[in-house]
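The values are calculated or read from the model by the stated rules, or taken from the named source; none is laboratory data. Nothing here was measured: the structure is a model prediction, and the numbers come from that model. Cβ coordinates were reconstructed from backbone atoms using ideal geometry, including for glycine residues, and neighbour counts include every protein chain displayed.
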Amino acid sequence: MIVLKERPSGGTLFSKDNLPESKKLDPFVAGKGALNYNCGQCGQLMLKSIRRIQILDAVYKCPKCGAFNRVKV
């Protein structure tokens, strides 16, 4: 994933800030595809076993290091 310098002002942002600690490090999405995406800064697994068509044009805030990531398509 590509790490962004700052949080974008528009668009969709996925974050786990409001989840209990026990759920924060789970992937945002877990599917049945062949693609995995990790945080571009710390390597945390963020999207697991997904198909390319499932990728949204969105930003994902890493629950481990706080970096803002976008999938490189």
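Which pairs do you get when a residue that is within 19 Å of LEU47 (Cα to Cα) and surrounded by 10 or more Cβ atoms within 10 Å (Cβ to Cβ), found in segment 1-25, comes within reach of a residue that is modelled with pLDDT of 90 or more and polar (S, T, N, Q), reach meaning Cβ atoms under 9 angstrom, with the pair 6+ apart or on two chains?
MET1/ASN38; MET1/GLN41; MET1/ASN69; ILE2/ASN69; VAL3/GLN41; VAL3/ASN69; LEU4/ASN69; LEU25/GLN44
Just to verify a result, which residue in segment 35-73, among those that are among the β-branched types (Val, Ile, Thr) and assigned to a strand (DSSP E or B), is nearest to the chain's Cα centre (by Cα)?
Let us first name the residues in segment 35-73 that are among the β-branched types (Val, Ile, Thr), namely 50, 53, 55, 59, 71, 73.
From what's left, assigned to a strand (DSSP E or B): 50, 59.
Working: ILE50: 12, VAL59: 7 Å.
Ranking the qualifying residues of segment 35-73, first place goes to VAL59.
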